[in-house]
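Take a look at the structure below.
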Amino acid sequence: MTTVFIAGSMNIRNLDRKVQERIDNILKSGFDIVVGDADGADAAVQEYLLERGATKATVFCSGDAPRNNLGEWPVRTVDTNHAPGSRAFFTAKDLLMAEMANFGLMVWDAKSTGTLSNVLELLSRNKKCLVFVNKEKTFKTVSDVEQLEDLLQYMSDNAKQKAEQKIKLLSRLDAMRHQQSQMFA
């Protein structure tokens, strides 16, 4: 069965109609959906799934119980030894969703490092991700390093610096370039 990892930036609280249409297509296709429990885009996705009567969703959370589970869907708790509330604590669930999914649909504000990290995780597993760049109201497909670099053009220099500090963007990008070049050597 095909599984889609849907996530996005915490400061995006409403889904654009274009994103809703993509989710409708996912639902019509009968795909399984994995979604996180965070406020912002995760909660907005859950709200939309609930409105659409989605039954094939699973909410992932780090720790004992989800922060949000609006549709009372099955919950997958992810154990982690990281400090509760830390970036690494919450990232544990994202890593598992990226591993389980066949594809990703991300709703991105062009600065959220968590959402960008999800794109990187999917790409590192050779999985395609469709990213909705919220401020541009456009979708970008990311299935290789070149497309990832194209996506990064939407970020401000300040956002890129923060991504470097938080998720080591440049070293991860270099590793992906090296991995991709090895595939064609």
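Quick notes
- Under 5 Å, built H, 5+ apart or other chain: amide partners of F60: V35, G36, D37, R76
- Protection-proxy order for peptides 141-151, 93-103, each taking the mean of Cβ atoms within 10 Å per residue, highest first: 93-103, 141-151
- The length gained on full extension between A88 and A175, counted as 0.36 nm times the residue separation minus their Cα-Cα distance, comes to 29.3 nm.
- The modelled label-to-label distance for the pair V75/D144, using points 7 Å beyond Cα in the direction of Cβ, is 4.3 nm.
- Surrounding net charge for M1, when Lys and Arg each add one and Asp and Glu each subtract one, Cβ distance under 9 Å: 0
- Distance between the range 137-159 and the range 3-44 - C-alpha centres, whole angstrom: 19 Å
- Remark: the range 81-93, residue by residue, has Karplus-estimated 3J(HN,Hα) of 8, 6, 4, x, x, 7, 4, 5, 4, 6, 5, 4, 5 Hz, where x stands for each Gly or Pro and the curve is 6.51 cos²θ - 1.76 cosθ + 1.60 at θ = phi - 60°.
- Taking amide H as placed 1.01 Å from N in the peptide plane, T80 has its amide H under 5 Å from the amide H of G63, each at least 5 places away in sequence or on another chain.
- Value of [θ]222 nm, deg cm²/dmol, for the chain, DSSP H segments ≥ 4, -39500 (n - 2.57) each, nearest 500: -14000 deg cm²/dmol
- In this label model, K135 and M100 are separated by 3.3 nm, measuring between points 7 Å along each Cα→Cβ vector.
- Only the Cβ atoms of Lys and Arg (+1) and of Asp and Glu (-1) were treated as charged; on that basis the dipole of the chain about its Cα centre amounts to roughly 200 debye.
Where a number appears in this text, it was derived from the coordinates with a stated rule and is not lab data. Just so we're clear, the structure is a prediction, and the values are computed from it rather than from any experiment. As a convention, Cβ positions derive from the backbone with ideal geometry for all residues, glycine included, and neighbour counts pool all protein chains shown.
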